[in-house]
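Here's the structure, in structure tokens; my notes come after.
The values are calculated or read from the model by the stated rules, or taken from the named source; none is laboratory data. Computed from a predicted structure; not experimentally measured. Here the Cβ positions follow ideal geometry from the backbone for every residue, glycine too, while neighbour counts run over all protein chains shown. Keep in mind that these areas ignore ligands, DNA and RNA; they rest on the heavy atoms of the full protein, side chains included. Shrake-Rupley method; radii C 1.70, N 1.55, O 1.52, S 1.80 Å.
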Amino acid sequence: MSWTAGRLLRVSAPVISAQNLVKTYKVKGKPDFVAVDGLSFEVAPGESFGLLGPNGAGKSTTMKMIGAVSTRTAGELSILGLDPDRYGPEIRSRLGVVPQQDNLDGELNARENLYIYGRYFGLPGKVCQEKADELLAFAQLEDKAKSKVDALSGGMKRRLTIARGLINDPRILLLDEPTTGLDPQARHVLWDRLFRLKERGTTLVLTTHYMDEAEQLCDRLVVVDKGCIMAEGTPASLIREHSSREVLEVRFGSARNQEVAPQLQGIGDRVEVLPDRVLVYTDNGEHALETVTARGLEPITSLVRRSSLEDVFLRLTGRSLIE
Ligand SMILES: Nc1ncnc2c1ncn2[C@@H]1O[C@H](COP(=O)(O)OP(=O)(O)OP(=O)(O)O)[C@@H](O)[C@H]1O
Ligand SMILES: [Mg+2]
């Protein structure tokens, strides 16, 4: 049990609860734009929860409402048992936030960025110094402690922003697109750091439009599109429910894919034509490929793979996650 702003919070209670959450933006001369259109979800303590969706789905808008920096238009929202409309400062002091755009102070060095952020939270100077060193080690940036932030790589800046978000020992860390724009190696380093936080029991809430990231990091996720939840579950359960076990990808050349597709009907459960390839959803990809060849169709390239969250998204919306 722990006390939060004078209210008793059961440890097993969700740390975040959203019911029919709505956010509209005013647009001059037009009807209000609905960016978040009635989202309902709960996040349990220690869980790693993801919002997976394409550009403009409403992920950052939702994160800003959870982070108590943007007010909701309608619906219920409770963060650590508190209503952000009434307890904004209390909520903000208990959260760690990694915004989509890094907002580090480029003129200061890495260590100073952490120190000053800690002071902003009202931590004593000595505590900030200790915390800064501890977090630089956690972010594997000890040798960059005195480097100006402007001189750090994108991956280093992202790690520093995460370190900064941890200065107040938050129970919940909000990560808006933690690895967008990073190369594969930098993404893996970052995933490793996030795994460690998860192991320590920090609740992670992250947005991403990378299905591999969602599969790697999320215990549970919602697939969001145009401000609405399309599906919810663990990565494995979403794939099981909305896709076949395997996918056969065949390429016949961009001019021929559309033309060949009707001849693939009946081979798997479903055929999906993309501009650059045709996807055949099936429980046995190798067998499907044999059938394709037996029908006298000779793909330029072929690939059998497991279904992924990308396939779930395609199935639910008819579109790809990354445009
Ligand atoms: N301040 C604002 N005023 C008006 N419209 C906004 C504002 N902020 C966001 N929007 C609109 O709301 C929708 C959702 O935006 P949001 O930033 O939440 O999407 P997102 O899922 O985070 O996308 P991305 O993957 O590109 O970061 C978009 O259509 C966006 O243009
Ligand atoms: Mg965003």
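Before moving on, here are some points about what is shown:
- Within the stretch 181-191, the set of residues being outside any helix (DSSP H, G or I) and either more than 16 Å from ligand 1 (Cβ to nearest atom) or open to solvent by less than 60 Å² (accessible area, probe 1.4 Å) (or both) comprises LEU182, ASP183.
- Hits in the stretch 291-323 (condition: open to solvent by 90 Å² or more (accessible area, probe 1.4 Å) and within 29 Å of SER237 (Cα to Cα)): ARG306, ARG315, GLU323
- Residues that are within 16 Å of ligand 2 (Cβ to nearest atom) and open to solvent by 30 Å² or more (accessible area, probe 1.4 Å) within the stretch 8-25 comprise just one, TYR25.
- Lone unmet requirement of (1) more than 16 Å from ligand 1 (Cβ to nearest atom); (2) in contact (Cβ under 8 Å) with a residue 40 or more places away in the chain; (3) crowded, with 20+ Cβ neighbours inside 10 Å for PRO84: (2)
- Checklist (1) without any contact (Cβ under 8 Å) to a residue 60 or more places away in the chain; (2) surrounded by 14 or more Cβ atoms within 10 Å (Cβ to Cβ) applied to GLU107, failing item: (2)
- Annotation for the stretch 194-217: no member residue is modelled with pLDDT of 95 or more, farther than 18 Å from LEU173 by Cα and open to solvent by 50 Å² or more (accessible area, probe 1.4 Å).
- Which numbered condition GLU112 misses (of (1) in contact (Cβ under 8 Å) with a residue 12 or more places away in the chain; (2) surrounded by 15 or more Cβ atoms within 10 Å (Cβ to Cβ); (3) not aliphatic (A, V, I, L, M)): (1)
- Of the residues GLY268, GLY201, the single one that is on the phi > 0 side of the Ramachandran plot and either outside the structural domain of GLN140 (by TED's automatic domain parsing) or outside any strand (DSSP E or B) (or both) is GLY201.
Here is a yes/no grid of residues against (1) crowded, with 21+ Cβ neighbours inside 10 Å; (2) closer than 20 Å to GLY96 by Cα; (3) charged (D, E, K, R); (4) more than 10 Å from ligand 1 (Cβ to nearest atom):
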{"site": "VAL27", "(1), (2), (3), (4)": "no, no, no, no"}
{"site": "ASP32", "(1), (2), (3), (4)": "no, no, yes, no"}
{"site": "GLY38", "(1), (2), (3), (4)": "no, no, no, yes"}
{"site": "GLU47", "(1), (2), (3), (4)": "no, yes, yes, yes"}
{"site": "ALA57", "(1), (2), (3), (4)": "yes, no, no, no"}
{"site": "THR62", "(1), (2), (3), (4)": "yes, yes, no, no"}
{"site": "ALA74", "(1), (2), (3), (4)": "no, no, no, yes"}
{"site": "ILE79", "(1), (2), (3), (4)": "yes, yes, no, yes"}
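- Single condition ASN55 does not satisfy, out of (1) within 16 Å of ligand 2 (Cβ to nearest atom); (2) modelled with pLDDT under 95; (3) closer than 20 Å to THR234 by Cα: (3)
- Filter result (hydroxyl-bearing (Ser, Thr, Tyr) and more than 18 Å from GLU213 (Cα to Cα)) within the stretch 40-97: SER40, THR61, THR62, SER70, THR71, THR73, SER78, TYR87, SER93
- Every residue from the stretch 115-130 that is among the hydroxyl-bearing types (Ser, Thr, Tyr) and open to solvent by 80 Å² or more (accessible area, probe 1.4 Å): TYR120
- So ARG92, is it within 30 Å of ASP133 (Cβ to Cβ), of a type in the set (D, E, K, R) and either touching a residue at least 60 places away in the same chain (Cβ under 8 Å) or open to solvent by 40 Å² or more (accessible area, probe 1.4 Å) (or both): yes
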